[in-house]
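A short worksheet on the structure shown next.
The values are calculated or read from the model by the stated rules, or taken from the named source; none is laboratory data. Every value quoted in this text rests on a predicted model; they were computed, and no experiment measured them. For neighbour counting, all protein chains shown are included, and Cβ atoms are generated from backbone atoms with ideal geometry for every residue, glycine included. The area values use the complete protein model at the heavy-atom level, side chains included, leaving out ligands, DNA and RNA. Shrake-Rupley method; radii C 1.70, N 1.55, O 1.52, S 1.80 Å.
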Amino acid sequence: NPGFVVRITQAGLDYAHQQGIAILEKELARLKLPDISGDSRLRHVGKVRYEISSLELQSFNLPYSRISLSPNVGLHISISNAFAEVDGDWRVKLLFIRDHGSFNLNVENVYIKIDLKLGSDTSGKPTVDTSSCSTRISKVRVHFSGKFGWLYNLFYNAVESRFRNILERKVCETVASSVHNDLQPYLRSLPVTARIDAMAGIDYSLVAPPTATAQSLDVELKGEFFSMVHRSAVPFTPLPLALPSDHDHMVYFGASSFFFNTASFAYHAAGALVFEITDSMIPEGVDFHLNTATFSAFVPQLEKMYPDMLMKIRLSTPSAPSLNIGPGGLSLQPVVDVQAYAILPNSSLAPLFLLSLVSNVSAVIDVRSGHIVGNLSVGRLRLFLKHSDVGTFQVRQLQSIMNIFASTILLPHLNGRLEQGFPLPLPDRIQLSNILVRFHQNFLLLGADVHYQPK
């Protein structure tokens with residue numbers, strides 16, 4: 001099962017289609033057409049030798065086109081009523097008559113049909129290919145300039161037929177070239193691996209080729225965080241991820257609980273879920289210091305064993321916290337080990353006590369600059385004594401100090417990292433707007449509209 005799903009709706013395909021047609025229109029306007037020459041042998045007249053040269057497209061317009069989904073196949077593009085204008089020179093020889101001049105040719109009612117096959121390569125990147133293309137030109141009108149009007153009719157039909165065949169072939173060649181040289185490289189800008197920081201990255205490789213349905217194009221991604229320090233197999237698998245049939249936005253992202261829990265697993269494996277608090281980190285305005293004098297009010301033995309020494313608190317998670325997603329939002333209940341040390345005069349550490357801290361944590365999720373960002377808030381803390389090197393004491397009395405550590409030091413640190421966010425799988429030059437955030441059982445649904453910024 002995928003850990004992450006991207007759904008492109010018909011509205012999203014229509015927008016992408018507008019951008020693609022604009023590029024194709026420019027490519028067709030740059031078509032290079034070959035010279036045409038030949039003979040026409042006419043009864044009672046003889047052989048007419050003609051040459052058509054310096055063919056130059058003045059424009060190629062695609063005013064009407066649409067894109068549609070072909071379930072289990074890919075995408076179908078139909079272009080109708082396209083038209084083009086061509087200028088060139090002509091030269092003719094009939095017996096002792098020679099003439100030359102220029103001409104203007106209008107190609108009207110051009111119909112183009114294109115089928116695109118979508119897939120994925122061995123690296124998990126998306127691929128696209130032109131599976132079929134056909135062009136039909138229903139009308140060609142030519143205006144010749146020159147002295148002998150009756151001569152033009154002698155070779156007009158031959159030129160019109162050959163020109164029609166050449167242009168029909170060239171259009172599909174240009175379509176295939178544009179898909180290969182423009183669309184395919186652009187799709188490959190989709191990040192298969194997104195580096196987040198020195199600790200972790202995200203694997204966004206496709207687990208299957210994109211699937212076209214009657215309503216949307218679905219792209220299933222691995223959606224798994226991994227440690228940059230120590231990569232190991234994730235000990236759990238994603239549940240099936242079925243997005244709701246929403247179509248108000250151009251694109252939807254489904255991020256499963258698996259996606260977020262692999263983030264927790266990756267950062268834990270990288271040793272990133274360890275945090276140390278020292279006295280220098282206590283914010284101004286807090287009227288205590290992190291030393292044995294302060295803690296001796298709660299742990300009486302400290303004053304005798306380690307009088308007036310600075311302390312260090314080391315927070316760590318014995319296992320990766322597990323996150324839950326439901327209709328009510330996103331929450332987790334991490335278990336944190338709190339190890340307290342006294343800092344001895346020689347700077348070595350003397351262990352004092354080990355607490356277990358449990359709290360309900362909720363998260364607010366948003367999307368900003370193509371990144372999933374979050375903000376955590378912590379509920380009531382519960383403390384349990386796991387081990388003491390300084391005798392027994394009432395753990396409950398440390399509750400207020402731990403609340404201060406969590407609210408003024410730990411949470412700002414975590415939220416500062418979550419503010420930077422995690423990148424969504426987006427190809428180059430895509431900006432998101434009109435963001436929707438909705439929670440479902442075991443997955444987060446993000447909806448957005450898309451804006452493409454050309455180079």
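What the table below lists for this structure:
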item	result
Protein accessible area in the stretch 203-272, 1.4 Å probe - carbon and sulfur %	56 percent
Between the stretch 376-410 and the stretch 53-76, the Cα center-to-center distance that results, in Å	67 Å
With all protein chains modelled, accessible area of HIS387 [1.4 Å, Å²]	100 Å²
Relative contact order (%) - criterion: Cα under 8 Å, at least six apart; region: the stretch 336-455	20 percent
Cα-based Rg / Dmax (Å) for the stretch 1-136	22.1, 79
Heavy-atom accessible surface of the stretch 304-376: percent carbon and sulfur, 1.4 Å	55 percent
Which of MET305, MET281 is most accessible, then next, and so on - probe 1.4 Å	MET305, MET281
Sites GLU85 and ASP246 - FRET efficiency at Förster radius 35 Å, r taken between beta-carbons, to 0.05	0.20
Listed residues GLU284, GLU27 arranged by accessible area, highest first, probe 1.4 Å	GLU284, GLU27
Projected area averaged over orientations for the stretch 199-275, convex hull of C-alpha atoms, nm²	6.3 nm²
Computed Kirkwood radius, in angstrom, where 1/r is averaged over Cα pairs of the stretch 87-215	19.1 Å
Rounded accessible area per residue of the stretch 223-295, 1.4 Å, Å²	46 Å²
Share of pairwise Cα separations in the stretch 345-455, more than 21 Å, in percent	58 percent
Paired Rg and Dmax values of the stretch 176-313, which use every Cα atom, in angstrom	24.9, 83
Computed accessible area, PHE439, all protein chains, 1.4 angstrom probe, square angstrom	50 Å²
Measure of compaction for the stretch 268-307 (Cα Rg per 2.2 N^0.38 Å)	1.56
Between the stretch 328-368 and the stretch 187-250, the alpha-carbon center distance in angstrom	30 Å
Probe 1.4 Å, all protein chains present, accessible-area order of MET309, MET402, largest first	MET309, MET402
Estimated FRET transfer efficiency when R0 is 22 angstrom, pair THR408-VAL335 (beta carbons, to 0.05)	0.55
For the stretch 193-452, convex hull of alpha carbons as volume per residue, Å³	150 Å³
Between 0 and 90°, nearest 10: helix 10-29 axis offset from the chain longest Cα axis	40 degrees
Relative contact order (%) - the chain, alpha-carbon pairs under 8 angstrom, separation at least six	14 percent
Rel. contact order, % - alpha carbon contacts under 8 angstrom, at least six apart, the stretch 193-452	17 percent
Accessible area of the stretch 78-139 divided out per residue, in Å², using a probe of 1.4 angstrom	49 Å²
Simple label model, 7 Å out from Cα along Cβ direction - GLU160 to GLN394, nm	10.5 nm
Spatially proximal lysines relative to LYS26 (Cα-Cα < 17 Å; intrachain offsets below 8 disregarded)	LYS170, LYS455
Additional length obtainable on full extension of the chain from LEU436 to SER59, 0.36 nm per residue less Cα span	131.6 nm
Within the accessible area of the stretch 31-189 (1.4 Å probe), percent carbon and sulfur	48 percent
Gained length - SER322 relative to LYS139, 0.36 nm times residue gap less alpha-carbon distance	59.2 nm
Ratio Rg/Rh, restricted to the chain and using Cα atoms, in which Rh is the Kirkwood radius	1.27
Average accessible area per residue (Å²) across the stretch 334-455 - probe 1.4 Å, nucleic acids and ligands excluded	50 Å²
Surface accessible to a 1.4 Å probe, THR392 within the full protein complex, Å²	120 Å²
Separation of the TYR452 and VAL378 label points, Cα + 7 Å toward Cβ, nm	4.7 nm
